[in-house]
Amino acid sequence: MMFDYDTIRIIWWAILGTVLIGFAIMDGFDMGIGILLPFMGKTDEERRVIINSIGPVWEGNQVWLVTAGAGLFAAWPTVYGVAFSGFYFALLLTLFALFFRPLGFDYCSKLPNKGWRSFWDWGLFVGAFVPALVFGVAFGNLLQGVPFNFDADLRVTYYGTLLGLLNPFALLAGIISLAMLVMHGAVFLQIRSDAVIYQRSKKMVIRAGIVLLIAFAVASIWVSRINGYHITSNIDPNAVSNPLLKTVAVSPGLWLDNYEHYPALWLTPLSVFLLSAATLVSSKFERPGLAFICSSLTIAAVILTAGISMFPFLLPSSLSPTSSLTVWDASSSQRTLNIMFWAMLIFLPVVIAYTSWVYRVLRGKLTVAIIRNNDHTLY
């Protein structure tokens, strides 16, 4: 079965969003726990409990990041090229930070030396904090537009700098990302731990959730005042991928345009507040499983809010709005999208099934006693 060009483009926009949500949920909680590690564990044994709550699963969670990158490259090669060129140093910084994760998990417990273990604890913190911040900052810059343009031969030039990415609105988006993942990680740690770590996790869920609610509310107001983008020319959803064949208007508040045309979409940002509150309440009243579901849905709602606001834009250009990349003019060919769709339909369920099996096998709480009794077989 072959989908027509406009349909398969929409399908791949939805797939990209789904994979990003999957990555944020699955890899998000172990990043959140990595951020909490140096602060939640007061003793070496407590930190070992925290590390072992995610040690056996973090590599499987990383598959979602690889899948997101591969899907972006295959379905939206122009977006991939521009984004990785423009965000080159930020992504390089993220990559170097991620190097700490496999090394930290594998080597943190190899020596009993306190300095050695402290170093790798902070290494795991860096490997979680930097990516969580950078991914949020990247979304903040997407909403403001990225300084690039195409010439007549579709050669791209990027004019931004690493420091330019660290603007106030982007940093606010980074805070949203950090708070969201810390809340998510604290909920998961509440599921896997007991005693003192459990109680600390409950308190951290409340703190991170409150920061998320405040930051998201401020960002929502701010978005209504920054420049949004709107295609003013006729859209041919079956046209070849050429971003220079359209005209684009730029004006404050245009990111709310989709919500004004389809009022039901307002339920998406509203659900961020409702689901965040549900996470806090569920955690407080000793329902960490329900809190984890609500936290996962909160993450999905945050990402969907950004995606709905920007649709059909994938990578807006602040220098040359016409050069902005959209769902309709930045994709691979119809044949490629269809082939990749069926490949994704086959392999993504395999990843989900394997991940589900791993979590089923590794369910249960970790305690200091377990760490003491299995010192040589755990992380």
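The values are calculated or read from the model by the stated rules, or taken from the named source; none is laboratory data. Keep in mind that what you see is a predicted model, and the values were worked out from it rather than measured. Ideal geometry is used to build each Cβ from the backbone, glycine not excepted, and the neighbour counts take in all protein chains shown.
Restricting to the stretch 321-345, and then to whatever is among the aliphatic types (A, V, I, L, M) and touching a Ser or Thr at 6+ places or on another chain (Cβ under 9 Å), can you tell me which residue is nearest to Thr78 (Cα to Cα)?
Within the stretch 321-345, the first condition is being among the aliphatic types (A, V, I, L, M), and the residues that meet it are 325, 327, 330, 337, 339-340, 343-345.
Now narrow it down to the ones that are touching a Ser or Thr at 6+ places or on another chain (Cβ under 9 Å): 325, 330, 337, 340, 344.
On the way: Leu325: 8, Ala330: 6, Leu337: 14, Met340: 16, Met344: 20 Å.
Per the criteria, the residue is Ala330.
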- Select from the stretch 32-65 the residues that are charged (D, E, K, R) and either part of a helix (DSSP H, G or I) or under 15 Å from the mean Cα position of the chain (by Cα) (or both) and list them in ascending order. Asp44, Glu45, Glu46, Arg47, Arg48, Glu59
- Considering only residues that are at pLDDT below 90 and either of a type in the set (Gly, Ala, Ser) or assigned to a loop (DSSP other than H, G, I, E, B) (or both), look in the stretch 189-222 and name the one that is nearest to the chain's Cα centre (by Cα). Ser193
- Message: Name the single residue that is surrounded by the most Cβ atoms within 10 Å (Cβ to Cβ) among those in the stretch 250-284 being free of Cβ contacts under 8 Å to residues at least 12 places away in the same chain and not aliphatic (A, V, I, L, M).
- Response: Trp266
- Query: Somewhere in the stretch 66-77, is a residue outside any helix (DSSP H, G or I), in contact (Cβ under 8 Å) with a residue 40 or more places away in the chain and farther than 25 Å from Tyr359 by Cα?
  - Reply: yes
- Message: Restricting to the stretch 1-58, name every residue that is among the polar types (S, T, N, Q) and free of Cβ contacts under 8 Å to residues at least 40 places away in the same chain.
- Response: Thr7, Thr18, Thr43
- Pick from the stretch 223-239 the residues that are closer than 22 Å to Val146 by Cβ and not hydrophobic (A, V, I, L, M, F, W, C): which of them is farthest from the chain's Cα centre (by Cα)? Ser233
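Quick check on my filter: what residues within the stretch 200-225 are small (Gly, Ala, Ser) and surrounded by 24 or more Cβ atoms within 10 Å (Cβ to Cβ)?
Ser201, Ala208, Gly209
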- Query: Can you tell me how many residues in the stretch 223-271 are under 23 Å from Thr7 (Cβ atoms) and either part of a loop (DSSP other than H, G, I, E, B) or of a type in the set (A, V, I, L, M) (or both)?
  - Reply: 16
- Query: Taking the stretch 186-199 only, how many residues are farther than 19 Å from Ala132 by Cα and crowded, with 21+ Cβ neighbours inside 10 Å?
  - Reply: 4
- Could you count how many residues in the stretch 126-178 are out of contact with any Leu (no Cβ under 9 Å at 6 or more places or on another chain), β-branched (Val, Ile, Thr) and within 29 Å of Phe29 (Cα to Cα)? 1
- Quick one: would you say His184 is under 26 Å from the mean Cα position of the chain (by Cα) and either at pLDDT 90 or above or aromatic (Phe, Trp, Tyr) (or both)? yes
